[in-house]
Amino acid sequence: MSDIEIIEQLKQGNEQAFRKLVESYRKLVVNTCYGLLHNREDAEDVAQDVFIEVYRSVDSFRADAKLSTWLYRIAVNRSLNHIRDNKKHRWFSLFESDVKTENKKLLQVESSLTDQPEFELENKQRAIILHQAIGSLPEKQKVAFSLSKYEDLSYQEIAEVMELSVSSVESLLFRAKKNLQKKLYTCYKKKCM
Amino acid sequence: MKCKDVNSKLIFFLDEELPATEMQAVKEHLAGCTDCALFAEDMKKTLSILETEKTPELNPFFYTRVKAKMESQEVEQVLNHRPVLVRVLQPLAFSIILLIGIYAGIKLGATGTTSKTKTVLAEQDMIPYWNELDAEPIESFLME
């Protein structure tokens, strides 16, 4: 079943078409959400909302547009909204809860020490550092970087998803990498691992 | 090439995005500088995490969860989209009934106290006629 057929049948309320859409694109959507959220459960939760939005607003989908671009756009917007909501909640929440989440992360890392090799622990620590560094990037840089690294999208494809020019995407990715390198260098010098 | 220049270009070197001449210059510097080589190795390892995260384990119940979430959202929407009149009038009617109940309770309570004293007195007057056991002890009754 082609993308056009899926969309046409989805517009008629065909449930099989919706199942086909979810099965075909769930990896793309979950991965895009994960690239921005860096939490598997949150990414799956947001991805579910993405597909529900697609199902409900399929009538507004233009036939000349690319289905994957539309899905990327919804996934990015939903993930950014999720990050913004979390930030608001964190602002209102107590300091204690932040400490708890950090401790939880550390406990997860420590627990791996008992049953997994040492490099697993090192990888988990590296992952935390990398996620924090990506998470601290400005919003547009973060989106461009995650689409490029997690989804291997070309500059042209990122430009279509973000509705920007290719040169803007080039500039965003250049600045994102510079910032990331700076943060990783600071961390390396401070021996934060 | 100085260490500072190398460090500022390292991420592009690892992504092989530098021009050929610069790639060669960085490579030569890393071969002779232990500090920069160590940082390059560390950064390479950190960035390689991205590659491992690209292939997530897919949840086999993903579609079922999407459907379940969609259905629960539809139920919520139905509950939230009750007519405005129902949403406003229903609590208003309950409040009025409650107030009437409280008012009636107070009124009944107030009338109850006055009538109670009267009925108690009346009962006491009637006891000798209606309940002879209270007026006449059982012992004297049996004796007779």
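As I understand it, the dipole of region B:3-53 uses +1 on the Cβ of Lys and Arg and -1 on the Cβ of Asp and Glu, about the Cα centre. Which of B:V6, B:A20, B:G32 lies farthest toward its positive end?
The one lying farthest along the dipole's positive direction is B:G32.
Determine the shielding of peptide B:40-48 by partner chains: average, over its residues, the number of Cβ atoms on other chains within 10 angstrom of each Cβ.
4
Over region B:3-53, average the accessible area per residue using a 1.4 Å probe and give it in Å², no decimals.
Solvent-accessible surface per residue comes out at 55 Å².
Kindly state, to the nearest 0.05, the FRET efficiency for B:N59 paired with B:T111, given R0 = 51 Å and r defined as their beta-carbon distance.
Between B:N59 and B:T111 the formula returns 0.15.
If we count every other residue with Cβ under 14 angstrom of B:L14's Cβ, Lys/Arg +1 and Asp/Glu -1, where does the sum land?
Once all neighbours under 14 Å are counted, the net charge is 0.
Ignoring ligands, DNA and RNA, what percent of the 1.4 Å accessible area of region B:3-53 is carbon and sulfur?
Percent of accessible area from carbon and sulfur atoms in region B:3-53: 53.
Nearest 20 debye, what's the magnitude of the dipole of region A:1-92 about its Cα centre given +1 on Lys and Arg Cβ and -1 on Asp and Glu Cβ?
380
Does any residue of region B:55-71 lose at least 10 Å² of accessible area with all protein chains in place compared with its chain alone, and if so which ones (probe 1.4 Å)?
Listed by number, the residues meeting the 10 Å² cut-off are B:T55, B:P56, B:E57, B:L58, B:N59, B:F62, B:Y63, B:R65, B:V66, B:K67, B:K69, B:M70.
Once the piece of chain linking B:N80 and B:T34 is laid out straight, how much longer is it, given 0.36 nm per residue of separation minus the C-alpha distance between them?
Details: separation 46, 0.36 × 46 = 16.56 nm, distance 6.51 nm.
That pair, B:N80 and B:T34, stretches by 10.0 nm at full extension.
Less than 11 Å from a label point 7 Å out along the Cα-to-Cβ axis of A:T69: which backbone N atoms in region A:154-193 qualify, by residue?
So the set is A:156-164.
What residues from region A:21-64 fall in the zone where the backbone N is under 19 Å from a label point 7 Å along the Cα-to-C-beta line of A:S154?
Inside the label zone: nothing.
Under a 1.4 angstrom probe, counting protein chains only, how are B:K67, A:K191, B:K45 ranked by accessible area, largest first?
A:K191, B:K45, B:K67
According to a simple spin-label model (label point 7 Å from Cα along Cα-to-Cβ), what is the distance in nm between A:M1 and A:E53?
Each label point lies 7 Å from its Cα, and together they span 2.2 nm.
Return the subset of A:K66/A:K124; A:K140/B:K67; A:K182/B:K27; A:K140/B:K44; A:K11/B:K69; A:K66/B:K44 for which the Cα-Cα distance in this structure is over 28 Å, preserving the input order. Mind showing how you got there, number by number?
Working: A:K66/A:K124 36 Å; A:K140/B:K67 32 Å; A:K182/B:K27 20 Å; A:K140/B:K44 24 Å; A:K11/B:K69 20 Å; A:K66/B:K44 34 Å.
In this structure, A:K66/A:K124; A:K140/B:K67; A:K66/B:K44 exceed 28 Å between Cα atoms.
How shielded is A:181-192 by partner chains, expressed as the average number of their Cβ atoms within 10 Å of its Cβ atoms? Kindly include the intermediate steps, with their values, before the conclusion.
On the way: counts 10, 3, 0, 7, 7, 0, 2, 6, 1, 0, 0, 0.
Mean partner-chain Cβ count within 10 Å for A:181-192: 3.
Nearest 100 Å² is fine: what is the total accessible surface buried where chains A and B meet, probe 1.4 Å? Walk me through the numbers on the way to the answer.
Numbers: alone 12690 and 12860 Å², together 21820 Å².
The contact between B and A buries close to 3700 Å².
Can you give me the % of accessible surface on region A:1-92 that is carbon or sulfur? Probe 1.4 Å, all protein chains present, nothing else counted.
Accessible surface attributable to carbon and sulfur in region A:1-92 totals 44 percent.
Using 0.36 nm per residue of separation minus the Cα-Cα distance, give me the extension gain between B:M143 and B:T52 in nm, one decimal.
Extra length available between B:M143 and B:T52 comes to 22.0 nm.
Using a 1.4 Å probe on the protein heavy atoms only, what accessible surface does A:H131 show? Give it in Å² to the nearest 10.
Ignoring ligands and nucleic acids, A:H131 comes out at about 30 Å².
Once ligands and nucleic acids are excluded and a 1.4 Å probe is used, how much of A:L121 is accessible, expressed in Å² to the nearest 10?
Counting only protein heavy atoms, the figure is 30 Å².
Which value, in Å² rounded to 10, gives the accessible area of B:L58 with a 1.4 Å probe and all protein chains present?
The value for B:L58 is about 70 Å².
The values are calculated or read from the model by the stated rules, or taken from the named source; none is laboratory data. Please read these numbers as outputs of a predicted model, since none were measured by experiment. Heads up, the Cβs are rebuilt from the backbone with ideal geometry, glycines too, and the neighbour counts pull from every protein chain shown. The area values use the complete protein model at the heavy-atom level, side chains included, leaving out ligands, DNA and RNA. Shrake-Rupley method; radii C 1.70, N 1.55, O 1.52, S 1.80 Å.
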